Amino acid sequence: MAISTHVTGYAVTAEDWNEIVNTLNLSKTINLLDSFSPPTGTTSAAVEMVNSTVGTPAPCWTNLLFDSAAVEYMTFPFTMPANYVSAPKIEIGFYGTATAGTVVFGAAIIGRGAETTNANFGTAYLGTFPVNGTAGIRTYGTITLTDTGGLSAGEKGCVNLYRAVADAQDSAGGDCKVDKVVLTYAS
């Protein structure tokens with residue numbers, strides 16, 4: 001179905017309108033869950049592959065399981081697009097086995113202009129999110145990051161995500177199943 005709006009005699013299709021809106025939208029996203037990497041030297045979150053029992057091919061989902069008793073990490077390497085300007089944030093989608101309490105996630109970001117083995121993440125920023133009261137329903141949260149390494153457009157970067165189980169506000173028991181990790185930024 002074609003939708004059009006007449007503006008000063010010109011027909012604007014839905015595709016045209018979407019292109020205009022996307023051009024004006026100054027917030028861009030990178031799906032980080034497509035490129036996770038277990039960090040070395042720490043305990044990493046378990047990776048759960050959930051496969052449907054029907055269909056050929058069977059649908060499959062990936063979850064990162066962050067435990068409630070031990071700090072577990074996952075890193076996400078990426079290349080910052082050429083239109084990056086500032087304001088990195090990480091958006092997290094998760095659900096859990098608990099139906100009450102809160103979860104505290106920590107995240108940090110670093111940029112690097114060249115291959116290096118002596119880079120480390122700067123300050124970790126925390127986000128506290130209430131668990132959805134219905135098991136299996138996703139909770140969304142956003143953590144604003146500050147890049148202390150001078151992340152630039154076209155540069156390689158990495159995000160570190162962990163569950164801050166030692167934080168007094170982290171009160172939800174069981175695993176948090178993270179199934180959405182998106183980096184947003186201003187262009």
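Just from the alpha-carbon atoms, what are the Rg and Dmax of segment 55-137 in angstroms?
16.7, 47
Among residues other than VAL71 whose Cβ falls under 11 Å from its Cβ, what is the net charge (Lys/Arg +1, Asp/Glu -1)? Present the calculation step by step, with values, prior to reporting the outcome.
Numbers: positive: ARG163; negative: ASP67, GLU72, ASP167, ASP170.
For residues surrounding VAL71, the net value is -3.
For a Förster distance of 45 Å, can you work out the FRET efficiency between the beta-carbons of ALA186 and ALA166, rounded to the nearest 0.05?
Numbers: r = 32 Å, r/R0 = 0.72.
It comes to 0.90.
Which FRET efficiency value, to the nearest 0.05, do you get for THR56 and ARG138 by plugging their Cβ-Cβ distance into 1/(1 + (r/R0)^6) with R0 = 30 Å? Don't skip to the answer; put the middle values down first.
On the way: r = 28 Å, r/R0 = 0.92.
Given R0 = 30 Å and the Cβ-Cβ separation, E is 0.65.
Counting other beta carbons within 10 Å of each Cβ, put MET80, MET74, MET49 in order, fewest first. Please list the in-between numbers first.
Working: MET80 21, MET74 25, MET49 8.
Exposure proxy ranking, most exposed first: MET49, MET80, MET74.
Where a number appears in this text, it was derived from the coordinates with a stated rule and is not lab data. Since the model is a prediction, treat every value here as computed from it, not as a measurement. Here Cβ is always computed from backbone atoms with ideal geometry, including for glycine, and neighbour counts include all displayed protein chains.
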